[in-house]
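S.K.: The structure's right below; bear with me while I get my questions together.
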Amino acid sequence: MSPWLDNIFVQSAVIPFVVALIAAVALRGAGVPWAGLGFPLAFGAAAYFIAGFQFLPLTSTRKILLAAAGAVILGLVLDTFIRGRRIRLWLPVLTAAAATLWVIWAVVTRTEVAALAGVLVPVLAYAAWLVAGIDTLESRPARSLIAVLMLALGTGVSALLGATALMGQLGGAVAAAAGAYLLVFLWRGEFHPGRTLLLPAALLCALLGVAALHFARLPWYSLAPLTLIPLLARLPTPQGHNRFIPIVLTSLYTLPAAAAAILITLAVAGAPPI
């Protein structure tokens, strides 16, 4: 591999951004669910250079990547075949809970029965809340992309500071791909990436946060501000033909939550381990 491709910034920011930008431009007219396929392509390219595609033995990080791949398929199914509102809501929530349980199964097996509720309930609720919150923004593409971007920034930088460079890079790749989609939205006009983007992106952020909490030294209270992002992304913005003002305002609404998560982790963990 060339030294350029070994650079962590190139792997976690440049590659996913460029791939997502090209794919978003090419697919934006395809409609839901195909317009969002640029995200798994971009994240997959980044993940290949960051972690590789070897999945055995199954580590927590490899489980996260496999869960994200499954979320892409589920997103395609939800946007293509399923019309029931309740099913479209509960399937992502159940998927988030199941994926979280799978990722932290090693922790579960080492935990006494009396303490299981204290271990499981917070992380299952965290993952389910983030996935459901982002999913309910699906009909508002700008707000959903900004929410994913801020969630990924908060998760990725916090994981870099309080966990491992690997988790931080994967979070950065989510942010870079979401940022590319948002740029195309600003440049070429509104389009709907759908759950093919939103479901795996939200699940990745949730699982990376949970893994950093249980397998590294990320404090639980670093993740708390991130739970506000789906709510802050719903705050009202002026209606009109100018699409820039709502995007700027929604970014300003959600940025403090991401920044709070990063600052809390920085105060506790110090400089990143790179």
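The values are calculated or read from the model by the stated rules, or taken from the named source; none is laboratory data. Worth saying up front: this structure is predicted, and the values here are computed from it rather than measured. No Cβ is skipped: glycine too gets one built from the backbone with ideal geometry, and neighbour counts run over all protein chains shown.
S.K.: Is it true that ALA152 is small (Gly, Ala, Ser), on the phi < 0 side of the Ramachandran plot and at pLDDT 95 or above?
M.R.: Numbers: small (Gly, Ala, Ser): yes; on the phi < 0 side of the Ramachandran plot: yes; at pLDDT 95 or above: yes.
So ALA152 fits the description; yes.
S.K.: If I ask for residues that are more than 18 Å from LEU231 (Cβ to Cβ) and under 18 Å from the mean Cα position of the chain (by Cα), which ones from the range 81-121 would you list?
M.R.: Filtering the range 81-121 for residues more than 18 Å from LEU231 (Cβ to Cβ) gives 81-88, 90-91, 94-95, 97-121.
Result: LEU91, LEU94, THR95, ALA97, ALA98, ALA99, THR100, LEU101, TRP102, VAL103, ILE104.
S.K.: Among the residues of the range 70-92, count how many are out of contact with any Leu (no Cβ under 7 Å at 6 or more places or on another chain) and touching a residue at least 60 places away in the same chain (Cβ under 8 Å).
M.R.: Step one: list which residues in the range 70-92 are out of contact with any Leu (no Cβ under 7 Å at 6 or more places or on another chain), which gives 70, 72-73, 76-77, 79-87, 89-90.
From what is left, the residues that are touching a residue at least 60 places away in the same chain (Cβ under 8 Å) are 72, 76, 79.
Matching residues across the range 70-92 total 3.
S.K.: Go through the range 52-74 and give me each residue that's crowded, with 19+ Cβ neighbours inside 10 Å and modelled with pLDDT under 90.
M.R.: The answer is SER60, THR61.
S.K.: Follow-up. Restricting to the range 1-28, and then to whatever is farther than 17 Å from GLN169 by Cβ and in contact with a helix residue (DSSP H, G or I) (Cβ under 8 Å, 6 or more places away or on another chain), can you tell me which residue is modelled with the lowest pLDDT?
M.R.: Per the stated criteria, the residue is ARG28.
S.K.: Now for a different question. Mind checking which residues of the range 176-235 are under 21 Å from THR59 (Cα atoms) and of a type in the set (Lys, Arg)?
M.R.: Once the filter is applied, which keeps residues that are under 21 Å from THR59 (Cα atoms) and of a type in the set (Lys, Arg), the range 176-235 yields only ARG217.
S.K.: Sticking with this one: Being in a loop (DSSP other than H, G, I, E, B), hydrophobic (A, V, I, L, M, F, W, C) and without any contact (Cβ under 8 Å) to a residue 40 or more places away in the chain is the filter here, so list the residues in the range 37-69 that pass it.
M.R.: Correct list: PHE53, PHE55, LEU56, LEU58.
S.K.: Which condition does PHE53 not pass, out of (1) within 19 Å of GLY172 (Cβ to Cβ); (2) out of contact with any Gly (no Cβ under 9 Å at 6 or more places or on another chain); (3) not polar (S, T, N, Q), if it passes all the others?
M.R.: (2)
S.K.: Related question: Filter the range 81-106 down to the residues that are β-branched (Val, Ile, Thr) and touching a Ser or Thr at 6+ places or on another chain (Cβ under 9 Å) and list them by number.
M.R.: Correct list: VAL103, ILE104.
S.K.: If I go through the range 234-264 residue by residue, how many of them are farther than 19 Å from VAL184 by Cα, surrounded by 15 or more Cβ atoms within 10 Å (Cβ to Cβ) and of a type in the set (A, V, I, L, M, F, W, C)?
M.R.: 9
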